[in-house]
Amino acid sequence: MIKVGIVGATGYAGAELVRILMGHKDAEIVWYGSKSYIDKAYASVYGNMFTIVEDICKDDNLKEMAKQVDVIFTATPQGFLASLLTEELLEQVKIIDLSADFRIKDVDVYEEWYEIKHQSPEFLEEAVYGLCELNREKIRTARLIANPGCYPTCSFLSIYPLAKAGVIESEGIVIDAKSGTSGAGRGAKLENLYCEVNENIKAYKVASHRHTPEIEQQLSEAFGSPVYLNFTPHLVPMNRGILITAYANLKKKEDGTYYNTEELKEILNKCYENEPFVRVLKGSTAPETKWVEGSNFVDVNVVADPRTGKVIMLGAMDNLVKGAAGQAVQNMNIMFGLKEDTGLQLVPIFP
């Protein structure tokens, strides 16, 4: 039985970790860390856990937690883990960090986009970017996992097959992204109040969202050359879900024609044929957030537009599951040699 500690257990991502791990046959949560609710019953914070979780919330003492658990999930704001991480800690316990502290390899880029000083850059090289579909073998032996961001996960998995196959240009990629309000966390913010969000859709952090360099970093590796793109997120009035619509310029084949939809779909099918959580949709079906809600699935599809020489790549997923907690558990399963979908056979919820 894997003993688990969660720091930030009362945030949205932390609560989703609790929900998923309560159904995991090989894991047991022994430490519910929450700085805001120390000594309070976890079920008093989340009533859905009444009679399910009897534990009280503890502090975020990583040193003490590491003595009692096999793996620590840090569902915390940027800068938390980086300020506390030590070699001694990593020698005792595996860590899966849901923040951005160890996702971006260039410390200068991290500090520019997140506007904080990185406190432990010496661990950046070791940290494994926990996108299971890409880094599965590295994850198996990792001590420190940088769990990917929600927007980057959906964006990358939508674009990666065509980028890797070399059928699209690396220049001129545009990503139009939409997310439910849980992506902003549980903290009280004026812009997330009901009256501000309801009956509205808006772009935010245009040309300045901090997930941009994370997406560029991963796509640069796929293309084998630096990638700079436009990423525009939008807030939509729903609890969960991310929808990605990405655009790229198609390369021409040797006969001078553009790749068609069927040829591009074959690339997607081949790329993801053995991936348990990436579903390539049939025909021209467009991904929808409602068909992945509450699950660890990412639904993807692609449509070629030979008239303009472009391709539209589409993806949908639950930002709290595959975009955060589900992917973190998927990483844990790989790290501990378990079947990858253990505890993650979550049927999407509808309605």
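The values are calculated or read from the model by the stated rules, or taken from the named source; none is laboratory data. For clarity, every value in this text was computed on a predicted model and none was experimentally measured. Positions of Cβ are generated from backbone atoms using ideal geometry, with glycine treated the same way; all protein chains shown enter the neighbour counts.
Quick one: which of E293, E263 is in a loop (DSSP other than H, G, I, E, B) and either surrounded by fewer than 23 Cβ atoms within 10 Å (Cβ to Cβ) or outside the structural domain of A100 (by TED's automatic domain parsing) (or both)?
Numbers: E263 fails: in a loop (DSSP other than H, G, I, E, B).
Criteria check complete, one pass: E293.
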*Go through segment 144-180 residue by residue and tally those that are among the polar types (S, T, N, Q) and either surrounded by fewer than 24 Cβ atoms within 10 Å (Cβ to Cβ) or over 30 Å from E91 (Cα atoms) (or both).*
4
*Search segment 71-85 for residues being out of contact with any helix residue (DSSP H, G or I) (no Cβ under 9 Å at 6 or more places or on another chain) and either part of a loop (DSSP other than H, G, I, E, B) or of a type outside the set (A, V, I, L, M, F, W, C) (or both), and hand back the single one that is surrounded by the most Cβ atoms within 10 Å (Cβ to Cβ).*
P77
*Determine if segment 322-334 includes at least one residue that is touching a residue at least 60 places away in the same chain (Cβ under 8 Å) and in a strand (DSSP E or B).*
no
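So is E216 of a type in the set (D, E, K, R) and either farther than 17 Å from V174 by Cβ or free of Cβ contacts under 8 Å to residues at least 12 places away in the same chain (or both) or not? Step through it out loud before you land on a result.
Numbers: of a type in the set (D, E, K, R): yes; either farther than 17 Å from V174 by Cβ or free of Cβ contacts under 8 Å to residues at least 12 places away in the same chain (or both): no.
For E216, the condition - of a type in the set (D, E, K, R) and either farther than 17 Å from V174 by Cβ or free of Cβ contacts under 8 Å to residues at least 12 places away in the same chain (or both) - is not met.
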_Filter result (surrounded by fewer than 18 Cβ atoms within 10 Å (Cβ to Cβ) and in contact (Cβ under 8 Å) with a residue 40 or more places away in the chain) within segment 193-209_ = none
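If you go through segment 25-48, how many residues are modelled with pLDDT of 95 or more, out of contact with any strand residue (DSSP E or B) (no Cβ under 8 Å at 6 or more places or on another chain) and either in a helix (DSSP H, G or I) or not basic (K, R) (or both)? Break it down stepwise before answering.
If we filter segment 25-48 for residues that are modelled with pLDDT of 95 or more, which is where we start, we get 25-34, 37-48.
Then drop every residue that is not out of contact with any strand residue (DSSP E or B) (no Cβ under 8 Å at 6 or more places or on another chain), which leaves 25, 37, 43-48.
In the following step, the residues that additionally are either in a helix (DSSP H, G or I) or not basic (K, R) (or both) were identified as 37, 43-48.
Residues meeting the conditions: 7.
Yes/no per residue for (1) surrounded by 18 or more Cβ atoms within 10 Å (Cβ to Cβ); (2) under 30 Å from I6 (Cα atoms); (3) outside the structural domain of A27 (by TED's automatic domain parsing):
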| residue | (1), (2), (3) |
| --- | --- |
| Y272 | yes, no, yes |
| E275 | no, yes, yes |
| S284 | no, no, yes |
| F297 | yes, yes, yes |
| V302 | yes, no, yes |
| A325 | yes, yes, yes |
_Out of everything in segment 94-105 that is assigned to a loop (DSSP other than H, G, I, E, B) and touching a residue at least 60 places away in the same chain (Cβ under 8 Å), what residue ends up being nearest to the chain's Cα centre (by Cα)?_
L98
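Among what's in segment 176-193 and is in a helix (DSSP H, G or I) and not charged (D, E, K, R), pick the residue that is farthest from the chain's Cα centre (by Cα).
Here is the first cut: in segment 176-193, the ones in a helix (DSSP H, G or I) are 181-184, 190-192.
Those still in the list that are not charged (D, E, K, R) too: 181-184, 190, 192.
Details: T181: 15, S182: 13, G183: 11, A184: 13, L190: 25, N192: 21 Å.
In this case the residue turns out to be L190.
Tell me, yes or no, whether segment 102-124 has at least one residue that is touching a Pro at 6+ places or on another chain (Cβ under 7 Å) and within 20 Å of Q327 (Cβ to Cβ). Please lay out each step first, then the result.
Keep residues of segment 102-124 that are touching a Pro at 6+ places or on another chain (Cβ under 7 Å), which gives 103-104, 107, 109, 113.
When the remaining residues are screened for being within 20 Å of Q327 (Cβ to Cβ), the result is 103-104.
Looking for residues that are touching a Pro at 6+ places or on another chain (Cβ under 7 Å) and within 20 Å of Q327 (Cβ to Cβ), one finds at least one in segment 102-124, hence yes.
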